[in-house]
Amino acid sequence: MVALVLFQRATGRELRNLALPGQACDKATRDALLDLQDAGKARPDGWARGRKLWCLTKAGHKEAAGFLPRGTKLSTVREQERAGYDEHALDVVATAGHLARAGHGSPLTLTTEVRHAVPGRPARYADLVLRDPGAKVPVLLVEVDRDNETVGQLVEKLASYTAWCELLAKGADKARAKAARHDGAAVHAHRHWRTVYPPTRHEGYPPVALVLTPGRKRDRPGTKPLTPEQKAAKAERDHQRLLRRLDAVEAGSAAYWSPRPYPFAGVSAGNYHQALPVVATTLQLLDAHGADALVWRRFGRAGWHTLTAALDNPDGDRLLAIERQAAAAARRARDQAEREASRPACTRCEAKLTDAEWDRARWGETVCASCQREESDRKRAQLAAEAAAVAAAQAARAKNTGSWWRRS
């Protein structure tokens with residue numbers, strides 16, 4: 001019921017992903033929907049893509065709203081069944097289900113149509129927003145594109161999100177905010193987005209996820225149905241077209257997601273603190289593999305990644321710390337080599353002086369300790385020899401004096 005009061009309409013599969021992500025099939029969800037139908041709290045609301053759509057009745061909507069915190073954005077009540085359905089809305093619900101099934105969010109942390117207003121620009125409504133403080137992915141702004149917007153329009157969306165993230169917080173000091181632009185993560189303390197969303201756990205602005213899916217065109221009356229082989233070939237062509245579309249959006253939006261270079265020599269790490277992280281996938285990949293698989297592309301990076309890996313910045317602050325430590329070690333080694341090259345030698349044996357000997361050399365002592373000991377030993381031996389010679393001479397004189405008295 002909570003999922004339906006938030007997303008209005010969904011099939012049993014999407015409701016399973018949102019409310020019971022651990023279930024292997026949606027039978028328990030469909031049984032619960034039938035029970036709610038018997039209680040007059042839910043009803044079928046047409047069919048979509050071969051599956052029955054469900055929505056809440058007025059009574060069910062009122063009861064489900066009571067389970068949610070005050071101020072939660074709720075969907076409107078559908079008074080009567082309609083033949084048509086909104087393809088885009090179903091794709092948004094499907095994306096939310098895939099995220100929840102992968103452990104990224106729940107019906108209480110996923111919100112649709114979230115407004116981001118920027119002065120001088122049309123207000124931007126994110127199709128889906130994940131806001132889950134403390135989770136591996138605490139915040140994610142999701143845009144679902146059904147191939148009905150141009151590449152330029154998608155790039156403009158990323159430009160609008162960047163402009164919104166750069167808005168100053170109410171009461172922020174403009175001079176301090178400008179100075180903080182050169183101080184890494186400190187810049188975000190002055191930004192409006194930090195009053196709306198939790199910390200992202202990574203450098204940069206709140207990340208944006210683009211989920212692309214091909215637009216489904218209604219078959220003309222009398223059109224011959226495609227064979228399974230033709231459907232598979234068409235699906236592959238559509239998917240390749242979406243991937244080329246992602247390439248074009250990535251190239252056109254580089255100014256927003258690219259990290260800035262650091263003004264340090266020998267540093268290849270990027271400054272992501274004022275960059276907009278953009279990840280992208282297709283709904284077909286999510287349907288086939290799930291949102292926790294290697295189905296996400298990070299703009300500016302090669303290959304496919306999990307969502308958490310795609311949002312990480314291995315070439316950001318961590319690499320900067322490693323490179324600065326390596327640069328400091330190289331600087332210390334260079335300074336040590338220069339010091340060793342200028343280390344004086346002993347004037348006698350030409351051996352390099354130790355640090356203590358070098359300190360004494362500044363006062364004129366340029367002889368090493370070993371040579372000093374040898375000199376001390378030599379002088380002691382010389383003094384001992386001289387003392388022995390004096391004693392022998394004295395003894396000889398004394399002997400000669402005693403012999404004269406005996407002859408008298």
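Go through (1) in the same structural domain as Tyr205 (by TED's automatic domain parsing); (2) among the hydrophobic types (A, V, I, L, M, F, W, C); (3) in contact with a Leu (Cβ under 7 Å, 6 or more places away or on another chain) for Leu319 and report which single condition fails.
(3)
Considering Arg348, Arg297, Arg360, which residue is at pLDDT below 90, of a type in the set (Lys, Arg) and not in a helix (DSSP H, G or I)? I'd like the intermediate steps shown before the answer.
On the way: Arg297 fails: at pLDDT below 90; Arg360 fails: not in a helix (DSSP H, G or I).
Exactly one of Arg348, Arg297, Arg360 is at pLDDT below 90, of a type in the set (Lys, Arg) and not in a helix (DSSP H, G or I), namely Arg348.
Which numbered condition trips up Asn17, out of (1) of a type outside the set (A, V, I, L, M); (2) assigned to a helix (DSSP H, G or I); (3) within 30 Å of Leu167 (Cα to Cα); (4) touching a Leu at 6+ places or on another chain (Cβ under 9 Å)?
Result: Asn17 passes all but (3).
Going by what's in this entry, would Ser258 be described as closer than 19 Å to Asp312 by Cα, in contact with a helix residue (DSSP H, G or I) (Cβ under 9 Å, 6 or more places away or on another chain) and surrounded by fewer than 21 Cβ atoms within 10 Å (Cβ to Cβ)? I'd like the intermediate steps shown before the answer.
Values: closer than 19 Å to Asp312 by Cα: yes; in contact with a helix residue (DSSP H, G or I) (Cβ under 9 Å, 6 or more places away or on another chain): no; surrounded by fewer than 21 Cβ atoms within 10 Å (Cβ to Cβ): yes.
The answer is no for Ser258.
I'd like to check something: does the range 200-218 contain any residue that is closer than 25 Å to Arg124 by Cβ, part of a helix (DSSP H, G or I) and charged (D, E, K, R)?
no
So, Arg191, is that one among the basic types (Lys, Arg), touching a Cys at 6+ places or on another chain (Cβ under 9 Å), free of Cβ contacts under 8 Å to residues at least 60 places away in the same chain and assigned by TED's automatic domain parsing to the domain that holds Leu110 or not?
Details: among the basic types (Lys, Arg): yes; touching a Cys at 6+ places or on another chain (Cβ under 9 Å): yes; free of Cβ contacts under 8 Å to residues at least 60 places away in the same chain: yes; assigned by TED's automatic domain parsing to the domain that holds Leu110: yes.
The answer is yes for Arg191.
State all residues of the range 284-302 that are at positive phi and in contact with a Lys or Arg (Cβ under 8 Å, 6 or more places away or on another chain); if no residue qualifies, say none. Break it down into steps so the answer makes sense when it comes.
From the range 284-302, those at positive phi are 290, 300; that's our starting set.
Passing the criteria: only Gly290.
Return the residue satisfying two criteria in turn: it lies in the range 169-201 and is surrounded by 18 or more Cβ atoms within 10 Å (Cβ to Cβ) and under 16 Å from the mean Cα position of the chain (by Cα), and of such residues it is farthest from Ala48 (Cα to Cα).
By that ranking, first place goes to His188.
How do the pairs read when you match residues in the range 386-408 that are on the phi > 0 side of the Ramachandran plot and at pLDDT 75 or above with residues anywhere that are of a type in the set (A, V, I, L, M) and part of a helix (DSSP H, G or I), using Cβ under 6 Å and keeping only pairs 6 or more apart or on different chains?
From the range 386-408, no pairs qualify.
Would you tally the residues in the range 93-128 being among the β-branched types (Val, Ile, Thr) and buried (at least 22 other Cβ atoms within 10 Å of the Cβ)?
Residues of the range 93-128 among the β-branched types (Val, Ile, Thr): 93, 95, 109, 111-112, 114, 118.
Filter once more, so that each one left must be buried (at least 22 other Cβ atoms within 10 Å of the Cβ): 93, 95.
Qualifying residue count for the region: 2.
Could you pull out the residue among Asp247, Asp287 that is touching a helix residue (DSSP H, G or I) at 6+ places or on another chain (Cβ under 8 Å), of a type in the set (D, E, K, R) and either in the same structural domain as His98 (by TED's automatic domain parsing) or surrounded by fewer than 18 Cβ atoms within 10 Å (Cβ to Cβ) (or both)? Don't jump to the end; show me each part of the working.
Numbers: Asp247 fails: touching a helix residue (DSSP H, G or I) at 6+ places or on another chain (Cβ under 8 Å).
It is Asp287.
Give the range 234-254 a look and list any residue that's touching a Leu at 6+ places or on another chain (Cβ under 9 Å) and either free of Cβ contacts under 8 Å to residues at least 12 places away in the same chain or part of a loop (DSSP other than H, G, I, E, B) (or both), or say none.
Across the range 234-254, the qualifying residues are Lys234, Ser253.
Which of the residues spanning the range 20-47 are farther than 16 Å from Gly97 by Cα and outside any helix (DSSP H, G or I)?
Answer for the range 20-47, where residues must be farther than 16 Å from Gly97 by Cα and outside any helix (DSSP H, G or I): Ala39, Gly40, Lys41, Ala42, Arg43, Pro44, Asp45, Gly46, Trp47.
Tell me which of these Gly71 doesn't satisfy, since it passes every other one: (1) closer than 30 Å to Asp145 by Cβ; (2) surrounded by 14 or more Cβ atoms within 10 Å (Cβ to Cβ); (3) not β-branched (Val, Ile, Thr).
Only one criterion is unmet by Gly71, namely (2).
Being more than 16 Å from Pro207 (Cα to Cα), of a type outside the set (Val, Ile, Thr), assigned by TED's automatic domain parsing to the domain that holds Leu242 and at pLDDT below 90 narrows it down to one residue among Ala117, Ala94, Ala123, Ala100; which is it?
On the way: Ala117 fails: at pLDDT below 90; Ala94 fails: at pLDDT below 90; Ala100 fails: at pLDDT below 90.
Going through Ala117, Ala94, Ala123, Ala100 in turn, just one is more than 16 Å from Pro207 (Cα to Cα), of a type outside the set (Val, Ile, Thr), assigned by TED's automatic domain parsing to the domain that holds Leu242 and at pLDDT below 90: Ala123.
Scan the range 159-182 residue by residue and report those that are over 11 Å from Arg124 (Cβ atoms) and among the aliphatic types (A, V, I, L, M). Please lay out each step first, then the result.
So in the range 159-182, the residues over 11 Å from Arg124 (Cβ atoms) come out as 165-182.
Within the range 159-182, Leu167, Leu168, Ala169, Ala172, Ala175, Ala177, Ala179, Ala180 meet the criteria.
Of these, Ala39, Ala28, which one is modelled with pLDDT of 90 or more and out of contact with any strand residue (DSSP E or B) (no Cβ under 9 Å at 6 or more places or on another chain)?
Selected residue: Ala39, the only one of Ala39, Ala28 that is modelled with pLDDT of 90 or more and out of contact with any strand residue (DSSP E or B) (no Cβ under 9 Å at 6 or more places or on another chain).
Can you pull out the residues in the range 140-173 that are hydroxyl-bearing (Ser, Thr, Tyr) and out of contact with any Leu (no Cβ under 9 Å at 6 or more places or on another chain)?
Keep residues of the range 140-173 that are hydroxyl-bearing (Ser, Thr, Tyr), which gives 150, 160-162.
Hits for the range 140-173 are Thr150, Ser160.
Those residues that are aromatic (Phe, Trp, Tyr) and in a helix (DSSP H, G or I), I need them from the range 363-404; list them, please.
To start, the set of residues in the range 363-404 that are aromatic (Phe, Trp, Tyr) comprises 363, 404.
Correct list: Trp404 only.
Give me the residue from the range 119-139 that is of a type outside the set (Lys, Arg) and more than 22 Å from Pro199 (Cβ to Cβ) and, out of that set, nearest to the chain's Cα centre (by Cα). Please lay out each step first, then the result.
Here is the first cut: in the range 119-139, the ones of a type outside the set (Lys, Arg) are 119-120, 122-123, 125-130, 132-135, 137-139.
Still in the list and also more than 22 Å from Pro199 (Cβ to Cβ): 119-120, 122-123, 125, 127.
Values: Pro119: 28, Gly120: 30, Pro122: 29, Ala123: 27, Tyr125: 24, Asp127: 22 Å.
Looking at the filtered set, the residue picked out is Asp127.
The values are calculated or read from the model by the stated rules, or taken from the named source; none is laboratory data. Since the model is a prediction, treat every value here as computed from it, not as a measurement. With ideal geometry, Cβ positions are generated from the backbone for all residues, glycine too; neighbour counts draw on all protein chains shown.
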